[in-house]
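So the structure is just underneath, and the comments pick up after that.
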Amino acid sequence: QQNYANRKKAYICNQGCDLVSVVDVETNLVIRYVKVGHDPNAIELPHGVKTSKDGKYWYVCFNAGNYFQKYDAQTDSLISETNIGPGNWNVIGISPDDNTGYVSNLTSNGKLVVVNLQTMQIQNTIGSGLLNSPHGIALTKTGDTIYVSAQYGNTIYRIVPSIVNPQIDKISVEKGKVPVTTPQLKDPHEILMSPDFSKYFITCEASDEVVVMDAKVDTILKTIPVGIYPKALAYSKNRNLLFVTCQEDNSLLYPTLKVIGTVYVIDMNTLNVVKILDEKFYQPHGIAVDDRTNKLYVVSRNSNPNGPAPHHASGCDGRNGFFHVIDLNTWKAIKRNSELSTDPYNIDIR
């Protein structure tokens, strides 16, 4: 526990057990499990975890809980929580000044709840009745515009927030097609702005693609084929590389082992796939880059009962997942199959 408060840490939310794993980035060891959620008698499914840009706080939202929680990143203790109401809360976006949080409610009659992160009070609700299954969130450099993916169809929303009357526009990520929310067209999942905010990337689960959009005019720059069921995105600013977890992709290196999923690596200048990471993943989802230590963290859910048996039994229902740490200098795994709790899903680095 020496110098715990100032350590650089990765936070991984474990959906099946209402736990957040705290990983020390220097040693790659899990140094703490934090019990999260409001109801001690229910599994609330922590789905989204996000650290503030100043590194002082981290936040959690829940698939099956009504509360949005704020934690101190020095002590990893709960500071405050607010009841944002019933919903399938999925993704957290934070404004550039760390003052405002946006949380997406993945329902057919979805919305974004806007939270003042200083007071932890609800500031506004955007899109009630106007957003269909909102999921991924990305903000422009100034935070004056928010992009939100509609999980089903070929649509993303461009939102100009306002307390009185937010502007909501629909944009199609399918060339020559109008924006619709019919499932199994593209099914946009996550959105990530490039480091220079000139473009943004969207994973499309149904079409196994990453769509690249010009952030100035919101038109398609390129559609990049990737592996099966692309999910989360992360980038290395130092290397100008984008990393994409493809949760159900087939392994070519380990066809006879219990291995599912790959990570595609895309050059953000040329927009070409330059590498495919084919480690012993199993349903990789969460992904994060630490440019300071040149490490890539990949979190495997291992929620399929056909996956590798965990070494330790969990106190919750389901199977323990694990994470890999990959050295970006050598492209070799420096830590493999480090076990977590049940259904680890998302990760963010302080």
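The values are calculated or read from the model by the stated rules, or taken from the named source; none is laboratory data. Since the structure is predicted, the reported quantities are computational estimates derived from the model, not experimental observations. Don't worry about glycine lacking a Cβ; one is built from the backbone with ideal geometry, like all the others, and counts go over all protein chains shown. Heavy atoms of the whole protein, side chains included, go into the accessibility calculation; ligands, DNA and RNA do not. Shrake-Rupley method; radii C 1.70, N 1.55, O 1.52, S 1.80 Å.
Treating each Cα of segment 188-337 as one equal point scatterer and applying the Debye formula with no solvent, the log10 of I(q)/I(0) at q = 0.16, 0.17, 0.20 Å⁻¹ comes out as -0.84, -0.93, -1.21.
For segment 35-109, the relative contact order comes to 24 percent (Cα pairs under 8 Å, sequence separation of at least 6). Look at where the Cα atoms of segment 112-137 and of segment 176-212 average out, and the two centres are 21 Å apart.
Remark on the chain: Rg and Dmax equal 18.8, 58 Å (Cα only).
Add +1 for every Lys or Arg and -1 for every Asp or Glu among the other residues with Cβ under 15 Å from the Cβ of residue 119, and state the total. Don't skip to the answer; put the middle values down first.
Numbers: positive: 70; negative: 81, 97, 98.
Charge balance in the 15 Å sphere: -2.
Mean separation of Cα pairs under 8 Å and 6 or more residues apart, divided by the residue count, gives the chain a relative contact order of 12 percent. Computed from phi, the 3J(HN,Hα) profile of segment 288-300 under the Karplus parametrisation 6.51, -1.76, 1.60 (θ = phi - 60°) reads 8, 10, 10, 5, 5, 9, 6, 10, 10, 9, 10, 9, 9 Hz, with x in place of Gly and Pro.
If R0 is taken as 45 Å, the Cβ-Cβ distance between residue 198 and residue 254 corresponds to a FRET efficiency of 0.75. Using the average count of surrounding beta-carbon atoms within 10 Å as a protection proxy, the listed peptides 321-329, 167-175 rank, highest first, as 321-329, 167-175. Just the C-alpha atoms of segment 248-350: what Rg/Rh do they give, with Rh taken as the Kirkwood radius? The Rg/Rh ratio comes out at 0.98.
Tell me whether segment 159-209 comes out rounded, prolate or oblate; compute the Cα gyration tensor, take square roots of the eigenvalues as a ≥ b ≥ c, and use a/c under 1.5 as the rounded threshold.
Details: a/c = 2.21, a/b = 1.29, b/c = 1.71.
The shape class here is oblate.
A crude spin-label estimate for the pair residue 54 and residue 27, with each label 7 Å from Cα along the Cβ direction, gives 2.9 nm.
Cysteine residues of the chain whose C-beta has no other cysteine C-beta under 4.7 angstrom: 13, 61, 204, 246. Each Lys or Arg adds one and each Asp or Glu subtracts one; over the other residues with Cβ under 12 Å from the Cβ of residue 186, this totals -3. Straightening the chain between residue 39 and residue 144 buys 34.3 nm, computed as 0.36 nm per residue apart minus the Cα-Cα spacing. Peptides 246-252, 260-266, 181-187 ranked from most to least packed, by the mean per-residue count of other Cβ atoms within 10 Å: 260-266, 246-252, 181-187.
On a 23 Å Cα-Cα criterion, which of the cross-link pairs 35/141; 9/53; 56/111 come out too long? Intermediate results must be reported in sequence, preceding the final value.
Values: 35/141 33 Å; 9/53 13 Å; 56/111 27 Å.
Pairs exceeding the cut-off: 35/141; 56/111.
Estimated at the nearest 10 Å², the accessible area of residue 331 is 70 Å² with a 1.4 Å probe. Residue 227 sits among other residues whose Cβ lies under 9 Å from its own Cβ, and their net charge, with Lys and Arg +1 and Asp and Glu -1, is -3.
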